[in-house]
Ligand SMILES: [Zn+2]
């Protein structure tokens, strides 16, 4: 009988640990907010299945910066194992106040989506808390989960931040939605001029410099930034600038710039990045593709990838037509036309909002 209290204590511990890793809150209409930490969070952050090849595409500089040291392994599998070990250490436990604050903002984001595009919000809307040492303090998604760094959780109670959190939640959810709807994704990317290709050979110089975005690891989208008569094709990539690759990951990320690189078709769906004689990739200046960039940046300068352009526009579309503030740090609605076009492509019935 002496073992009994010990066993009971062990059972109780196991149950609370398992329960504590997944907190479910009702959002109405059969939908739930699901906040993960512990083992559930660790499984989500290392989930290769929903990562669209992110783990396989990491360049040597970004991998070293993420790990904080040279990888000890030499094979891709060994490096991935090291990275996953690091990522597991970045999962943090939610506090009760953070969970309540996050759910309040998720309800506000859902209320806006319900006015415009109810299917946009998933039945189980997952958020995972991290230390920020996973992705340099950035929000991002993998599979159907959004990862939220803890440094952005200390203003959840400030009402002046309501539109900020709504935008971030809608933007990150847009990546999960787009990932789950690959055919619609392709159609919506084409609204801003991007089309898919089978393969793009980045070459060594650019391959080393790409900062691989978990929300958009697949760079195989090209656009004609010239004219129909004299086409010039480009590929958008978020790349490390300069020659200092020894920085910690957050600084490397801050040094990154969205850049359009010139590409040409080698044969049937296989493309390559064009290179200068000095071994650097040919960059297309914005001034050389004025019309293209003017259209792309009409409401937001957040243009790291066709996927980021879409996520920005989806988030703005929801808020704008719901009549709540769609503005945030890098964008505001200067021209609703692209949002109307997006709504039309999605078959949504929207009307000019009365107040915004
Ligand atoms: Zn994004």
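Computed from the coordinates by the stated procedures, all read-outs in this text should not be read as laboratory data. If you're wondering where the values come from, they're calculated on a predicted model, not measured in any experiment. Counting neighbours? That spans all protein chains shown, and the Cβs are built from the backbone with ideal geometry, glycine included.
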Helix 76-88: inclination vs the chain longest Cα principal axis, degrees, rounded to 10, gives 50 degrees
Quick shape check on region 63-187: root eigenvalues a ≥ b ≥ c of the Cα gyration tensor, a/c under 1.5 is rounded, otherwise prolate if a/b tops b/c, else oblate, and it reads oblate
Once residue 97 and residue 26 are pulled to full extension, the length gained, defined as 0.36 nm per residue separation minus their Cα-Cα distance, is 23.9 nm
Within region 16-182, the percent of DSSP beta bridges that are antiparallel, given to the nearest 5, stands at 50 percent
Of the convex hull drawn through the C-alpha atoms of region 185-307, the volume per residue in Å³ is 122 Å³
Checking rank on 141-149, 297-305, 244-252, with mean other Cβ inside 10 Å and highest first, the result is 141-149, 297-305, 244-252
If one builds a Gaussian network model of the chain from Cα atoms under 10 Å apart, the most fluctuating residue listed among 326, 122, 231 is 231
Computed on Cα atoms, Rg of the chain relative to 2.2 N^0.38 Å comes out at 1.06
Computed curve, region 247-316, Cα-only Debye sum without solvent term, log₁₀ I(q)/I(0) at 0.28 Å⁻¹, is -1.17
Its Cα gyration tensor gives region 303-356 an equivalent ellipsoid whose semi-axes in whole Å, largest first, are 17, 14, 8
Computed over the chain: longest principal axis from alpha-carbon atoms vs helix 96-116 long axis, angle to nearest 10 degrees, is 50 degrees
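Would you mind getting me the FRET efficiency between residue 60 and residue 268? Use the beta-carbon distance for r and R0 = 35 Å, nearest 0.05.
E between residue 60 and residue 268, to the nearest 0.05, is 0.70.
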Between residue 218 and residue 84, the two model label points (7 Å from Cα along the beta-carbon direction) sit apart by a distance in nm of 2.2 nm
Given a Förster distance of 51 Å, the FRET efficiency implied by the Cβ-Cβ spacing of residue 124 and residue 280, rounded to the nearest 0.05, works out to 0.65
Taking Cα pairs closer than 8 Å and at least 6 residues apart, the relative contact order of region 210-315 in percent is 24 percent
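With a Förster radius of 41 Å, plug the Cβ-Cβ distance of residue 162 and residue 77 into 1/(1 + (r/R0)^6) and report the FRET value to the nearest 0.05.
With a Förster radius of 41 Å, E is 0.40.
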Taking a ≥ b ≥ c as the square roots of the eigenvalues of the Cα gyration tensor, with a/c under 1.5 meaning rounded and otherwise prolate when a/b exceeds b/c and oblate if not, region 129-189 is oblate
Among beta bridges assigned by DSSP with both residues in the chain, the antiparallel ones amount in percent, to the nearest 5, to 70 percent
Contact order relative to length for the chain, counting C-alpha pairs under 8 Å separated by 6 or more residues, stands in percent at 16 percent
